[in-house]
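Trainee: I'd like to ask you about the structure that follows.
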Amino acid sequence: MRVFKPTYKDRLGQKRELKKWWIELQDHLQITRRFPGFSDKAQSEALGRQIERLVACRIAGQEPGPELSRWLEQVPLKLRVRLANIGLLDRTRAAAGKPLSEHLADFEQSLLGKGSTGKYARQTASQIKRLFDLCRFTTWTDIVASRLQRALTEFRQSKNLSAQTFNFYLKATKQFCRWMVQDRRASESPLQHLTGLNVRTDRRHDRRALEPDEIRRLLEAARAAGGRFGMSGYERAMLYRLAVETGLRRNELRSLTVVSFDLDKCTVTVEAAYSKHRREDVLPLRPDTATELREFLKGKLPSVRVFSVGDKTSKMIQADLETADIPYVDESGRYADFHSLRHTTGSWLAANGVHPSVAQAIMRHSDINLTMSRYTHLFRGQESEAVAKLPDLSLPSEQKAAAVRSGTDGCNLDTPGPQDKNLASHLAFQDAQQCNSVHRPAQVIPTGAIKNAILNGRCGIRTHDHLIKSQMLYQLS
């Protein structure tokens, strides 16, 4: 490498030097190249050394390291383009200096290429562009994590956005930065360390699961209400029923055609293009639902969409809920919108003792925690039933029961309490079970005083014949 100042002759023929230093070196093809440097010689030498490191990586067939990659992101676009033209730099890295709007357009196309819907790709790119406009980022090197986080926080406060919406914006922007790294347009993501907010502290639209009787009333009300939102009452009732029994989402239900159903095998198939996780899903149907669908699909062409579902499904189900006299928002502030039908599916599966792995497969979740936490709700009375199944602590311990049987720890004969009565009843049941197990005949002992003592909870009877005692308790219990 050689650093020098070129000379030239002015109009008067006098020899002069340029203000900037120039760098001369050989590239990976042993071709001598010259690059303009800076007015400072030390800075020009540093630039030359970096180019030499790039040449060495190219000769060795290696990718530039992290330090060299960060330097490449900072160099002027003109120099980056020239390095790409002579083969020292990949074309995608050379494009890193172009406007962010162009990168966003490429990112949107990559989402479509991966199978994302057009609506999702447009919405994601729009969220990222809005953030970049707020921060006034124009190129990749303008992106600073602290500025973006501050702008997003101010945007949330001004628009009263929820924590979940805040996370959507941040997630989309971090996804774009990761794509820049994966596409070798950048060395690392400047937003990698940013984390979202805790959505549990700011819930705005929690959903609830509907009771079985509420679903029945909803189906009856939909049939009776007639046409609404471009769908007949019978069609809406069939849509709600299928949504609850399969857990299908709105767009998945919208995509179903007649050939999606195999009513002989009682299954419905969602094509991979319409499934959220982009895989073909085959879900079981109840036999009675398959019979109902056979009548519903009669006379329809195989390629015809089964349901004419619009975009206002929440308003549609809200109207049918009002007809059925079911609150759209309950006393806890939870909503019963169209997606709550999917929550109902998960909750019904859990309430009926379905294994969590089976419920996860039906709900088609990649994480079982999502199935068990977000999509599983408690119904009225479940907590009371669960508590009732706990052990009865009013019964005596095994040590206490053994002591009473042996007569070494009698109950209070003067003032028997409820615990003494429970003890008598419990011992009578246990002794009766023991008696039945050895097939001993019952013996009736009509002793009035002893009988009254036992019925009143006075179980301090002392006898060496435990058979007589147990038979007496068995007969009087």
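Trainee: Is one or more of the residues making up segment 322-336 part of a helix (DSSP H, G or I), surrounded by fewer than 19 Cβ atoms within 10 Å (Cβ to Cβ), of a type in the set (S, T, N, Q) and in the same structural domain as Ala225 (by TED's automatic domain parsing)?
Mentor: There is at least one residue in segment 322-336 that is part of a helix (DSSP H, G or I), surrounded by fewer than 19 Cβ atoms within 10 Å (Cβ to Cβ), of a type in the set (S, T, N, Q) and in the same structural domain as Ala225 (by TED's automatic domain parsing).
Trainee: Out of the residues in segment 3-39 that are assigned to a strand (DSSP E or B) and either farther than 22 Å from Pro76 by Cβ or among the polar types (S, T, N, Q) (or both), which is nearest to the chain's Cα centre (by Cα)?
Mentor: Restricting to residues being assigned to a strand (DSSP E or B) and either farther than 22 Å from Pro76 by Cβ or among the polar types (S, T, N, Q) (or both), the top hit is Gln26.
Trainee: Continuing with this model, one more query. If Leu100 satisfies every condition in (1) surrounded by 19 or more Cβ atoms within 10 Å (Cβ to Cβ); (2) over 20 Å from Gln182 (Cβ atoms) but one, which is the exception?
Mentor: If we test Leu100 against (1) surrounded by 19 or more Cβ atoms within 10 Å (Cβ to Cβ); (2) over 20 Å from Gln182 (Cβ atoms), just (2) comes out false.
Trainee: From the residues in segment 186-214 that are of a type in the set (Lys, Arg) and not in a strand (DSSP E or B), which one is surrounded by the most Cβ atoms within 10 Å (Cβ to Cβ)?
Mentor: Top of the filtered list is Arg208.
Trainee: So, Leu54, is that one part of a loop (DSSP other than H, G, I, E, B) and aliphatic (A, V, I, L, M) or not?
Mentor: Spelling it out, it is not the case that Leu54 is part of a loop (DSSP other than H, G, I, E, B) and aliphatic (A, V, I, L, M).
Trainee: Name, by its number, the condition in (1) under 30 Å from Phe166 (Cβ atoms); (2) of a type in the set (Ser, Thr, Tyr); (3) out of contact with any Ser or Thr (no Cβ under 7 Å at 6 or more places or on another chain) that does not hold for Thr289.
Mentor: (1)
Each row is one residue, and each column tells you yes or no for (1) in a helix (DSSP H, G or I); (2) surrounded by fewer than 21 Cβ atoms within 10 Å (Cβ to Cβ).
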{"position": "Asn167", "(1), (2)": "yes, yes"}
{"position": "Arg184", "(1), (2)": "no, yes"}
{"position": "Arg216", "(1), (2)": "yes, yes"}
{"position": "Met238", "(1), (2)": "yes, no"}
{"position": "Ala243", "(1), (2)": "yes, no"}
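Trainee: Okay, moving on. Out of the residues in segment 293-321 meeting the condition of being of a type in the set (Asp, Glu) and at pLDDT 90 or above, tell me which one is nearest to Arg223 (Cα to Cα).
Mentor: Asp320
Trainee: Which members of segment 290-314 meet the condition of being in contact with a helix residue (DSSP H, G or I) (Cβ under 6 Å, 6 or more places away or on another chain) and closer than 13 Å to Val268 by Cβ?
Mentor: Across segment 290-314, the qualifying residues are Phe296, Leu297, Phe307.
Trainee: What are the pairs, 6+ residues apart or on separate chains, where a residue within segment 329-354 that is without any contact (Cβ under 8 Å) to a residue 24 or more places away in the chain has its Cβ under 7 Å from a residue that is surrounded by 15 or more Cβ atoms within 10 Å (Cβ to Cβ) and not in a helix (DSSP H, G or I)?
Mentor: Val329/Tyr335
Trainee: What pairs come up if the first residue lies in segment 112-134 and is assigned by TED's automatic domain parsing to the domain that holds Glu154, the second is of a type in the set (Val, Ile, Thr) and assigned to a helix (DSSP H, G or I), and their beta carbons are under 6 Å apart, counting only those six or more places apart or on different chains?
Mentor: The qualifying pairs are Ile128/Thr173; Leu131/Thr173.
Trainee: Checking Gln43 against (1) without any contact (Cβ under 8 Å) to a residue 24 or more places away in the chain; (2) surrounded by 13 or more Cβ atoms within 10 Å (Cβ to Cβ); (3) not in a loop (DSSP other than H, G, I, E, B): exactly one of these is not met. Which one?
Mentor: Gln43 satisfies every listed condition except (2).
Trainee: Turning to a different aspect of this structure: Looking at Thr344, is it modelled with pLDDT of 85 or more, over 32 Å from the mean Cα position of the chain (by Cα), surrounded by 14 or more Cβ atoms within 10 Å (Cβ to Cβ) and in the same structural domain as Glu280 (by TED's automatic domain parsing)?
Mentor: Here the answer is no, as Thr344 does not meet what is asked.
Trainee: Give all pairs with beta carbons closer than 8 Å in which a residue from segment 204-233 that is within 20 Å of Glu292 (Cβ to Cβ) meets a residue that is exposed (fewer than 13 other Cβ atoms within 10 Å of the Cβ) and of a type in the set (A, V, I, L, M); count only pairs at least 6 apart in sequence or on separate chains.
Mentor: Listed pairs, sorted by first residue: Gly233/Ala224.
Trainee: Out of (1) touching a residue at least 24 places away in the same chain (Cβ under 8 Å); (2) more than 27 Å from the chain's Cα centre (by Cα), what's the single condition that is false for Arg249?
Mentor: Every condition holds for Arg249 apart from (2).
Trainee: If you don't mind, there's one more thing I want to ask. Mind listing just one residue for me: the one in segment 1-30 that is touching a residue at least 40 places away in the same chain (Cβ under 8 Å) and among the hydrophobic types (A, V, I, L, M, F, W, C) and, of those, nearest to Ala60 (Cα to Cα)?
Mentor: Only one residue tops the list, namely Leu29.
Trainee: Something else about it: Could we say that Ser116 is at negative phi, surrounded by 15 or more Cβ atoms within 10 Å (Cβ to Cβ) and of a type in the set (Gly, Ala, Ser) here?
Mentor: yes
Trainee: What residue, of Leu283, Leu263, Leu253, Leu248, is surrounded by 15 or more Cβ atoms within 10 Å (Cβ to Cβ), farther than 25 Å from Ala336 by Cβ and not assigned by TED's automatic domain parsing to the domain that holds Ser162?
Mentor: Leu263
The values are calculated or read from the model by the stated rules, or taken from the named source; none is laboratory data. Predicted, not measured: the structure shown is a model, and the values here were computed from it. Note that we place each Cβ from the backbone using ideal geometry, even for glycine, and neighbour counts take in every protein chain shown.
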